[in-house]
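Notes for the one structure printed next.
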Amino acid sequence: MQKATNKQILDTIHANASPLYKMSVPQATRTNIKALGKKIMKDRSVYNEFMNALINVIGTITVQGMDLWENPLKGFKRGKLEAGGRIEDIYVGMVNEETWYANEDYSDGEIWKRNLPPVESLFYETNRTPMYEVSVNHSLLGRAFLSDTGLSDFVAQLMAAPQKRDEYNEFLSMTSLFADYNDNNGFHKIHLPNINSLDAAEADIKQALKVFQATAGNMSFPDTKFNALKVFQHSKRDKMHLFITPECLANINVGALAVLFNMDKAEIPFRIHEIRQQELNIPNAQAILVDEKFFVCVDTLYENTSIQNPKGLYWNYFLHHHEIISYSLFANAVLFTSDVVAETDLPTSELESITAVNITDVDGQPATELQPGFMYRARALAKKKTGSSEVLEDMILYTIDDAKSQRTYCTPDGDIRIGRDEPNGTLHLTAKAFDSKTVSKTIELTVKGKNIDWPVS
């Protein structure tokens with residue numbers, strides 16, 4: 001990308017400047033650049049506006065065109081969240097099959113009954129909020145007017161340091177999701193021989209390639225075993241991504257594809273990404289195959305701000321980058337490991353039992369009767385098999401059954417909303433370990449109170 005000239009930058013700032021700036025600083029020409037630079041440097045109010053525009057407007061454009069190291073996983077990000085710092089991930093399952101009978105009388109009230117598909121939702125909050133600071137001396141800017149692309153070079157050098165650090169730290173945050181997911185028993189695991197060594201046996205490399213291809217084929221059909229929540233899910237082949245180490249990729253490229261197969265027959269039906277073992281950070285991991293929906297990574301804020309230090313005669317510039325960095329429990333994700341894998345469809349849960357489920361109102365007070373139109377909170381107490389009895393909230397998922405109102409629901413993290421038209425009666429709330437189908441506890445919720453008509457007069 002060609003560098004922006006000083007004239008182009010000055011013209012852009014001038015076009016978007018305040019009336020005071022436009023009165024004080026004329027349009028740039030090929031011959032007046034140095035003179036404009038001196039004028040900008042001398043007039044404090046003009047200088048302040050120029051510096052803000054230079055970094056906040058021109059800075060972002062310049063950095064985007066720079067040949068800098070970028071996070072190789074940024075393609076999995078879901079853009080920018082325009083409003084708020086929370087997103088919802090929704091899964092809609094399959095409805096049950098019913099048999100139609102020719103002689104059946106379908107004229108009764110059964111035709112009007114609700115038959116809703118199973119719906120699960122997960123919420124994600126902003127959890128990465130780094131800030132980077134860099135200072136600029138007044139005299140450095142003066143030199144930038146002396147060459148044709150001096151301003152562009154000045155901004156590029158200024159922004160490079162925080163941008164590179166942010167890109168790398170973002171990459172580390174995204175790769176840390178693999179280890180965290182594994183620690184929470186999220187992966188479906190498949191055994192493979194160790195092919196991360198450059199002296200790996202050719203037979204093991206060939207076997208690994210076959211297993212990769214077979215697993216991708218199985219993931220393309222609806223199944224419950226490849227995702228953490230054990231819901232029916234499938235992955236399109238062009239949406240699957242294999243993460244392997246450079247050593248593993250070298251073994252496959254040289255030892256298997258080039259030697260054993262013709263390239264057309266051994267074409268791998270998924271995209272391959274190199275990632276070092278230190279970023280995988282999972283002992284004995286050989287590769288990871290995930291649906292692209294595994295990553296729940298969204299920018300919620302990307303902004304440059306600045307402030308002048310009049311005492312020190314320098315400017316401080318701040319890069320703020322807020323993000324949601326998480327993974328989806330609905331998405332298919334497979335870990336290929338050289339560890340021995342137990343022959344079971346379910347991972348072993350960390351929890352022995354859920355001992356109680358407490359309900360509180362928005363003020364944190366215990367609630368025994370839930371009123372229509374109000375919000376509540378569920379919190380489970382659980383016993384671990386080993387170690388501390390403390391239970392992390394992300395180990396428990398909550399659901400509500402028997403709701404009559406479509407406005408009545410419970411989020412997976414325990415936020416309860418009783419619909420304003422929910423009739424008095426009994427609901428059932430279930431708390432379960434996300435890594436188990438057997439560790440759960442169901443309690444009754446009593447709904448009692450007058451239905452609310454909005455607005456209230």
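The values are calculated or read from the model by the stated rules, or taken from the named source; none is laboratory data. It should be emphasised that the depicted structure is a prediction, and the values quoted were computed from it without experimental measurement. Reconstructed Cβ throughout: ideal geometry from the backbone, glycine too, with neighbour counts over all protein chains shown.
At a glance:
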quantity: Residues (of a type in the set (Val, Ile, Thr) and modelled with pLDDT under 80) located in the range 311-348; calculated: 344, 348
quantity: Unmet requirement for residue 293, which otherwise passes all of (1) surrounded by 14 or more Cβ atoms within 10 Å (Cβ to Cβ); (2) touching a Lys or Arg at 6+ places or on another chain (Cβ under 8 Å); (3) not in a helix (DSSP H, G or I); calculated: (3)
quantity: Residue in the range 354-386 that is surrounded by the most Cβ atoms within 10 Å (Cβ to Cβ), counting only those that are in a strand (DSSP E or B) and in contact (Cβ under 8 Å) with a residue 60 or more places away in the chain; calculated: 380
quantity: The range 78-131: number of residues that are modelled with pLDDT of 70 or more, more than 24 Å from residue 411 (Cα to Cα) and among the polar types (S, T, N, Q); calculated: 3
quantity: Members of the range 419-438 that are part of a strand (DSSP E or B) and more than 24 Å from the chain's Cα centre (by Cα); calculated: 425, 426, 427, 428, 429, 430, 431
quantity: Any chance residue 416 is assigned by TED's automatic domain parsing to the domain that holds residue 361, at pLDDT 90 or above, assigned to a strand (DSSP E or B) and closer than 25 Å to residue 328 by Cα; calculated: yes
